[in-house]
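Structure record follows, encoded as structure tokens.
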Amino acid sequence: MKRKRHIYCILLILISAYGTLSGQTITITPKWTAQAQFAGYYVADKMGFYKEEGIDIRIVHTALSESSFSVLQSGKSQAAVMNLSFALTARAAGAPLVNIMQTSQENSLILVSRHPLKDISSLRHQEIAVWNHLSQDLLDRFAAHYELDGKWIRFNGGVNLFLTGAVDICLVGSYNEYIQLFECGLKTDSFYSLHFTDFGYDLPEDGLYVTQPFYESHPEMIRKLVRASIRGWQWANEHKEETLDILMQIIRENNIGTNRYHQRKMLEEVLRLQTNKSTDKRTFRLSPEGFKKATDILLDEQEKKKILYTDFVK
């Protein structure tokens, strides 16, 4: 009797899973709270682009204590926005991640400091504040590549840690915290900055990821997801004020403390970072060159042989 009941329960789970997938429902998890960084997905949802493709989309944000990777890993979502460097190191550690769309084409990372930063050697023996969601594996690989031997100070976000003087060097993004510094009244001559691109770390950032098994099981669904998402980003680029209307509604629904001015600045910078400098176009695809840059910096020789571009990028 118990065995029959066990089999019955398994059948119910399988039927339920089949019903969800056959109804073309998919959950997308951005890597942070609601903001212009993810505008294209909000637009594609609100404008009905996903429904026109025949798929139902749920956009579920992470809590501050979790990452989009952990949500994807747990099975709570089927697609997640992740940084290329994070996804690549996670793949090297055994996570079956594949890149299905690349929004970012240019690196946004900047180090701000109270002291002069001439080059990468200026970071040695220093304490550097970095975002809490960055994996230790990624930080270790970065430190090893650039021969850094300082200490990482973790924080959740914002610029208060730097403004209060709690840290002298802090990691910021050009589309968010860097803008916040000026909004808080800081002048360009009141601190020093070093763009990661200045010392060769010009790695593309945000992309959309799924697991390899999900990709292999639902290739047509993923093609629809990517088509509609690209359309959402293209519409956002062509209709910025209407996009901000959509965005501010979602931000209010999620009780996020921000304003339209900041989100406009963020949207403009995010869209700029999506443009491929060599073609001046938005390709929405991770290039072989971008992949090679990332693997050269982050992976050892054995890992490079195991992670091929054609396996990682779909």
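Derivation of every value follows stated rules applied to the coordinates shown; laboratory data play no part. Predicted model only: the values in this text are computed from it and were never measured. Here Cβ is always computed from backbone atoms with ideal geometry, including for glycine, and neighbour counts include all displayed protein chains.
Some notes on this structure:
- Extension gain (nm, one decimal) between Lys187 and Asn255, 0.36 nm per residue minus Cα-Cα: 21.5 nm
- Under the convention that each Lys and Arg Cβ holds +1 and each Asp and Glu Cβ holds -1, the size of the dipole of region 38-112 around its Cα centre is about 160 debye.
- For a straight C-alpha distance cut-off of 25 angstrom, the lysines reachable from Lys224 (same-chain residues fewer than eight places away being disregarded) are Lys31, Lys46, Lys51, Lys76, Lys240, Lys281, Lys314.
- Cβ charges +1 (Lys, Arg) and -1 (Asp, Glu), total dipole of the chain, debye: 1160
- Extension reserve of the Thr283-Asp149 stretch, reckoned as 0.36 nm per residue once the Cα distance is removed: 44.5 nm
- The chain: Cα Rg divided by the 2.2 N^0.38 Å rule of thumb: 1.05
- Ser74-Ser217 FRET efficiency (beta carbon distance; Förster radius 22 Å; 0.05 resolution): 0.80
- With a cut-off of 11 Å between beta carbons, the residues surrounding Ala87 carry a summed charge of 0, where Lys and Arg count +1 and Asp and Glu -1.
- Average projection area in nm² (convex hull over Cα atoms of region 109-199, one quarter of hull surface): 5.5
- Sum of side-chain charges, Thr29 neighbourhood, beta-carbon under 12 Å (Lys, Arg +1; Asp, Glu -1): +2
- Spin-label pair Asp311/Asp56, simplified geometry with 7 Å Cα→Cβ offset, distance in nm: 3.6
- You can think of it this way: the chain between Phe199 and Ser65 has 45.1 nm of extra reach, that is 0.36 nm per residue less the Cα-Cα gap.
- Positive end of the dipole of region 109-199 (Cβ unit charges, origin at the Cα centre): among Val159, Leu109, Gln136, the Cα lying farthest that way belongs to Val159.
- Helix 288-298 axis, angle to the chain major axis (alpha carbon atoms, nearest 10°): 70
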